[in-house]
Number of protein chains: 2
Amino acid sequence: MPQQPIDDFYAVIPAGGIGSRLWPLSRAEAPKFLHDLTGSGQTLLRDTWNRLEPLAGPDRIAVVTGRAHRAAVERELPGIPDHNVFLESEPRDSSAAIGLAAAILHRREPDVIIGSFAADHVIRGTRTFEFAVQQAVAVARAGYICTIGIQPTEPSVGFGYIRKDGELDVDGAPEAALVERFVEKPDLETARTYYADRAYLWNAGMFISRADVLLAELAANEPELHAGLLELAEAWDDRERRGPVVDRVWPDLKKIAIDYAVAEPSAEKGRLAVIPGHFDWDDVGDFASLAKLNSHGGKNELAILGSHARVLADASSGIVVSQTERIISLIGVQDIVVVDTADALLVTTSEHAQRVKGVVDALKLTGRGDVL
Amino acid sequence: MPQQPIDDFYAVIPAGGIGSRLWPLSRAEAPKFLHDLTGSGQTLLRDTWNRLEPLAGPDRIAVVTGRAHRAAVERELPGIPDHNVFLESEPRDSSAAIGLAAAILHRREPDVIIGSFAADHVIRGTRTFEFAVQQAVAVARAGYICTIGIQPTEPSVGFGYIRKDGELDVDGAPEAALVERFVEKPDLETARTYYADRAYLWNAGMFISRADVLLAELAANEPELHAGLLELAEAWDDRERRGPVVDRVWPDLKKIAIDYAVAEPSAEKGRLAVIPGHFDWDDVGDFASLAKLNSHGGKNELAILGSHARVLADASSGIVVSQTERIISLIGVQDIVVVDTADALLVTTSEHAQRVKGVVDALKLTGRGDVL
């Protein structure tokens, strides 16, 4: 556990993404990161901040988010300095979000090491998380882009994988290894071989690197995007100039995930490292994950989320998410998912939880964007 | 089909009973008979009225209901004469309700034949229903108490049965038979033998008889109840005297179902007749019945009830009852029952529909009577 924040480290929290597979809980106005999905009493964003504060210090955590969420972010994170809230005028995917933060912070502090951590993941195990980040920062200082891969605890088909290559000899990073390649979400059989192999880690989307190294990689692979980000960064801290430049540059930035624009090309060059994370991690991708996360391991449990939830259950299991004060009665339903909000109700099962996104798409098509 | 109402006939509609197994749709303030359960666009009470009006005429249909429902009944049945709404100060079961109507109507018209028909059953087949009632009235004129038993269309375990005895020779009632006995709801094996036998009919709780015959039977079996009802009837049509007599007599009336106080003893004496009803009938006892009633026979259908229902379903079957304007989304749930009301939500399956009453009991015990 760090006694002191790491001097040259800046944490970046991209807080975008609605979490469509958690509809009707998550939606445009109340995206996943603004919900308490663990019963902790606070939002995932706040949990993320609390996790990063000991590592970076309260003045060195930046949040990249949409303009619509500015007020909510500032309410959740009252300690955040105004100059560390980077507002996107519209979502342009993770390369733009993280690249913008890298470019701005690099101008402010040329040798800065940045670490980006999603605002809406769940992590348990503070000490092992901090140990992983500390190692990753050491690896980043040595000039690598470093990710943290989660040691799988089951043969999951819900995550992408990172294959470790040979060990990497960096002081202060005893577990560091090079990354051989990234692998998309596998089928179950493949997931089982990965799980048995132990060289495969879950891709948790965490990247730690020197800002200049990340920008150089972006320049090599996506030169136009890189140029746009530099232009934005150059004007960013000038209140008068920022607005016009954002309006002109931001809408044309290429939409591309940082995995493709930075991580994978970097792995091919042998410049991507990985630290295995031994902490519990979940991206809470759907209600099946949410049910599991909130159960206590029992197969026939009913997890209940919602501070005002009033549930009367008889021989039922699964999860109830309540955002109303209505009585919710379940009788003889197994692995059920019930999500009760003011204007929309979802009833499905864990097995079909992945298909929620299809409903969201259907609602868009039928002009019911008001509940999305 | 009658061209004219039957001269000496009076229809009685006992409109009591909440229908607890249809909670949270049916509840104290909005009992089953005040709902549209068939998508007809009107309540079951109104359906019942419409069914009886050609047989009795609009001035000869009485409704026995609780004081709390007076306004709703009058709103649903704007044609009902004030003197035909018989208000119970509290529910005292069917013998008191039907006996009160018999006693009042007998005083008004000594030779009247009354027929009582539940306010919350569903019947389809106007001509066969009318034919059955016409025959039953003919049998009643001959001095019998006559019921209408439904010819089973499946080996149901949800209804009680009536066993036919020998044929009865009454003019105008070619299908009349004596009743040998009543049978409580059977198990499935027994129901199958009843179904094969064809001498067993479903007990639909319809009774047609001369008011004096019914009262005499009541006098023989439940003399105190009979005396109380006569006392009430004697004062009923005197506005000044009714109130005090009701307050004194009604609360002490014995609670007993008319099956036990009249029908079964009458069957034992060979004085109970039955007309087989060949129309579709359902007492809509639970959500499984309701789902079936509103499906079109398909196993994988999703029935939707509720004039403002907005349902988005993917690979789901069962029934959705919506009393709100919320979007209801179902994904991959089979034989599901979802009942969405302003203050309570029920999620169960057809298989467990009978257990809804248990929830109602639990809510009573936990002080949540406000949603009952």
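Within the range B:156-185, the set of residues being at pLDDT 95 or above and under 21 Å from the mean Cα position of the chain (by Cα) comprises B:Y161, B:I162, B:R163, B:V179. Per the conditions (1) surrounded by fewer than 21 Cβ atoms within 10 Å (Cβ to Cβ); (2) more than 30 Å from A:K255 (Cβ to Cβ), the sole criterion not satisfied by A:S156 is (2).
If the condition is being open to solvent by 10 Å² or more (accessible area, probe 1.4 Å), over 18 Å from the mean Cα position of the chain (by Cα) and not small (G, A, S), then the range B:135-153 contributes B:R141, B:Y144, B:T153. For first residues located in the range B:236-250 and within 16 Å of B:D82 (Cα to Cα), partners that are open to solvent by 60 Å² or more (accessible area, probe 1.4 Å) and lie 6+ apart or on another chain with Cβ distances below 6 Å form the pairs B:W236/B:R242.
Taken over the range B:194-206, residues that are open to solvent by 10 Å² or more (accessible area, probe 1.4 Å) and under 15 Å from B:I145 (Cβ atoms) amount to 2. Please determine, by comparing only the residues of the range B:292-303 that are touching a Leu at 6+ places or on another chain (Cβ under 9 Å) and more than 14 Å from chain A (Cβ to nearest Cβ), which one is least open to solvent (accessible area, probe 1.4 Å). Per the criteria, the residue is B:A303. Consider the range A:333-369 and keep the residues that are more than 9 Å from chain B (Cβ to nearest Cβ) and among the acidic types (D, E). The one that is nearest to the chain's Cα centre (by Cα) is A:D361.
Taking the listed residues B:V245, B:V274, B:V249, the one that is assigned by TED's automatic domain parsing to the domain that holds B:I113 and surrounded by 21 or more Cβ atoms within 10 Å (Cβ to Cβ) is B:V274, with no other qualifying.
Against the numbered list (1) open to solvent by 10 Å² or more (accessible area, probe 1.4 Å); (2) within 29 Å of A:V183 (Cβ to Cβ), A:D238 comes up short only at (2). Annotation note: of B:S289, B:S329, the sole residue that is more than 23 Å from B:V12 (Cβ to Cβ) and at pLDDT below 95 is B:S289.
Do the conditions hold for A:D280, that is, is it free of Cβ contacts under 8 Å to residues at least 40 places away in the same chain, among the acidic types (D, E) and either open to solvent by 60 Å² or more (accessible area, probe 1.4 Å) or more than 9 Å from every other protein chain (Cβ to nearest Cβ) (or both)? When the stated conditions are applied, A:D280 does not pass them. Determine whether A:V320 is open to solvent by less than 20 Å² (accessible area, probe 1.4 Å), more than 7 Å from chain B (Cβ to nearest Cβ) and of a type outside the set (D, E). For A:V320, the condition - open to solvent by less than 20 Å² (accessible area, probe 1.4 Å), more than 7 Å from chain B (Cβ to nearest Cβ) and of a type outside the set (D, E) - is met. What about B:A267, is it within 29 Å of B:T43 (Cα to Cα), assigned by TED's automatic domain parsing to the domain that holds B:S89 and open to solvent by less than 30 Å² (accessible area, probe 1.4 Å)? Against the criterion (within 29 Å of B:T43 (Cα to Cα), assigned by TED's automatic domain parsing to the domain that holds B:S89 and open to solvent by less than 30 Å² (accessible area, probe 1.4 Å)), B:A267 does not qualify. Among the conditions (1) farther than 21 Å from B:A362 by Cα; (2) touching a Lys or Arg at 6+ places or on another chain (Cβ under 8 Å); (3) buried (at least 16 other Cβ atoms within 10 Å of the Cβ), A:G306 misses just one, which is (2). Listed conditions (1) open to solvent by 30 Å² or more (accessible area, probe 1.4 Å); (2) modelled with pLDDT under 95; (3) assigned to a helix (DSSP H, G or I) are all met by A:E231, apart from (2). Among the conditions (1) at the interface with another protein chain (Cβ under 7 Å from one of its Cβ atoms); (2) open to solvent by less than 10 Å² (accessible area, probe 1.4 Å); (3) in contact with a helix residue (DSSP H, G or I) (Cβ under 7 Å, 6 or more places away or on another chain), the only one that A:F287 does not satisfy is (1). With respect to A:D169, determine if the residue is farther than 28 Å from A:L44 by Cβ, out of contact with any helix residue (DSSP H, G or I) (no Cβ under 6 Å at 6 or more places or on another chain), open to solvent by 10 Å² or more (accessible area, probe 1.4 Å) and without any contact (Cβ under 8 Å) to a residue 40 or more places away in the chain. Answer is yes for this residue.
The values are calculated or read from the model by the stated rules, or taken from the named source; none is laboratory data. Everything numeric here is computed off the predicted structure, so don't read it as measured data. Cβ sites come from the backbone with ideal geometry, for glycine too, and all protein chains shown count toward neighbours. Note: accessible area is taken over every heavy atom of the protein model, side chains too, but ligands, DNA and RNA are not part of it. Shrake-Rupley method; radii C 1.70, N 1.55, O 1.52, S 1.80 Å.
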